[in-house]
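The structure appears right after this line, and notes come after that.
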Amino acid sequence: MASPPPIWMAEPTRFARLSQRSARIVAAVLAVLLLGALVSLAAPAPPAASGTGNSAEDQRDVLLYEEIVDAMRHGGSYYEVAVTELRAGHYPLRPFFTVRLPGLARVQAALPQPLVITLLYALVVAVLAAWAMRFHTDFARWPGRAVAMTLLAGGLMAFVQADLWAFHEIWAGLLIALALAIRRPGRWIEAVAIALLAALIRETAALMLVVMAAMAWIEGERREAMGWAAALGILALALAAHAWGVAQLVGPLDPASPGWSGMLGPGFALHSVRAATALVLAPGWLAALLVVLALFGWSGWRDPLAHRVLAVMAGYGAVLALFARPDTFYWALLIAPLSLVGLAFAPDALRDLARAARGTRRVVVTRMDR
């Protein structure tokens, strides 16, 4: 019996080729992950994503960055303004990366605010367009493309809020999504440049550079791996210059960060992704299951990019689980744009996995002429 055609993808998923034993192992792992997602909901939940809540506390960081840009528009230098505002707001000033890198604020201060917001929306459109081109070839039918684009839009919910224009994770998250969309085998320079820009806006985007360098090396793409490593080297130089600039104004009596060893667990990572995407509208238990199914969907897509997206997602999930504090849940914004897209691959992946686990065999009939 021939395998049925894909539900809406252009070709079967990776799971269609699994042996019965392997498929059953994968199915068991998926069941454990889904159960673990439900159990982990006992972890503390973060507040609503910055800019989406109603309280002044939810807006505190956003207002801080707006005030820094506004002061620079009136002639202030970045480091003097940033340190003054952070000190006035009783924010930590040590270590040096508690002060954001200066690039984004300097660009925004040089432009009128309406143009900054226009650029933000243009970047959102670029992300949508880049992924639409990827989906055009990987989904054989328009319903699949429509679902994938809808899920992408659901991950971009926080990114179209104009009052978040000064928030660094918003820009970095969009650039990470764009870099992943345009990366193809043999064509990686543009992706490296865009991802480096994300890291120069928010240094936590460096994790994406590390993951992409490692994946390129594993896949045998040595030149590409060196390109990602070069981007990390440039970022290291920028951080060294940044550390020197902060050190000129910060002393030992300034408050230090409480550290990044939250150890809040995978439940907090799931809560954070929910708070950063359209899943905030869904019940917590349903959102947790959908995040796991989205990761499963990414693992089934038969494209070299899928493993990289999955590795980036898993990397930031681990960082949120191990190092984030309740007030740094917004790190999830770095992966929010693509967090739900994997659900578009999940129907085909689940169907192929179920067939492989049942041991459905193909019977090939050949005609013999005598």
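The values are calculated or read from the model by the stated rules, or taken from the named source; none is laboratory data. Bear in mind the structure is a predicted one, so any value in this text is a computation, not a measurement. Note that each Cβ is placed from the backbone with ideal geometry, even for glycine, and that neighbours are counted across all protein chains shown.
Structure values in brief
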| read-out | value |
| --- | --- |
| Out of 231, 240, 256, sole residue that is more than 30 Å from residue 40 (Cβ to Cβ) and free of Cβ contacts under 8 Å to residues at least 12 places away in the same chain | 240 |
| Residues (among the aromatic types (Phe, Trp, Tyr) and either crowded, with 22+ Cβ neighbours inside 10 Å or part of a helix (DSSP H, G or I) (or both)) located in region 166-196 | 167, 171 |
| Positions within region 4-19 being assigned to a helix (DSSP H, G or I) and surrounded by 13 or more Cβ atoms within 10 Å (Cβ to Cβ), in sequence order | 14, 15, 16 |
| Residue check, residue 264 in contact (Cβ under 8 Å) with a residue 24 or more places away in the chain and not in a helix (DSSP H, G or I) | yes |
| Residues of region 42-74 that turn out to be of a type in the set (A, V, I, L, M, F, W, C) and either surrounded by fewer than 16 Cβ atoms within 10 Å (Cβ to Cβ) or modelled with pLDDT of 85 or more (or both), as a count | 9 |
| Criterion: within 21 Å of the chain's Cα centre (by Cα), part of a helix (DSSP H, G or I) and under 19 Å from residue 318 (Cβ atoms) - qualifying residue of 231, 205 | 205 |
| Given (1) within 30 Å of residue 303 (Cβ to Cβ); (2) modelled with pLDDT of 90 or more, index of the condition residue 138 fails | (2) |
| Where a residue in region 82-103 is in contact (Cβ under 8 Å) with a residue 12 or more places away in the chain and farther than 13 Å from residue 61 by Cα and its partner, wherever it lies, is of a type in the set (Lys, Arg) and crowded, with 17+ Cβ neighbours inside 10 Å, with Cβ under 9 Å and at least six apart | 101/202 |
| Some residue of region 239-259 being under 30 Å from residue 287 (Cβ atoms) and surrounded by 12 or more Cβ atoms within 10 Å (Cβ to Cβ) | yes |
| Search result, residues across region 64-80 that are farther than 17 Å from residue 244 by Cβ and of a type outside the set (Ser, Thr, Tyr) | 64, 66, 67, 68, 69, 70, 71, 72, 73, 74, 75, 76 |
| Only one of 290, 340, 270, 279 that is surrounded by 21 or more Cβ atoms within 10 Å (Cβ to Cβ), touching a Leu at 6+ places or on another chain (Cβ under 6 Å) and under 21 Å from residue 153 (Cβ atoms) | 340 |
| Qualifying residue in region 146-160 (condition: more than 17 Å from residue 279 (Cα to Cα), within 18 Å of the chain's Cα centre (by Cα) and buried (at least 17 other Cβ atoms within 10 Å of the Cβ)) | no |
| Top-ranked residue of region 300-311 - restricted to ones that are in a helix (DSSP H, G or I) and surrounded by fewer than 23 Cβ atoms within 10 Å (Cβ to Cβ), ranked as modelled with the lowest pLDDT | 304 |
| Cross-chain or 6+ apart pairs with Cβ under 8 Å, region 117-141 first and without any contact (Cβ under 8 Å) to a residue 60 or more places away in the chain, then β-branched (Val, Ile, Thr) | 120/170; 121/160; 124/160; 130/182 |
| Hey, residue 93 surrounded by 20 or more Cβ atoms within 10 Å (Cβ to Cβ), over 27 Å from residue 347 (Cα atoms), among the aliphatic types (A, V, I, L, M) and touching a strand residue (DSSP E or B) at 6+ places or on another chain (Cβ under 8 Å) or not | yes |
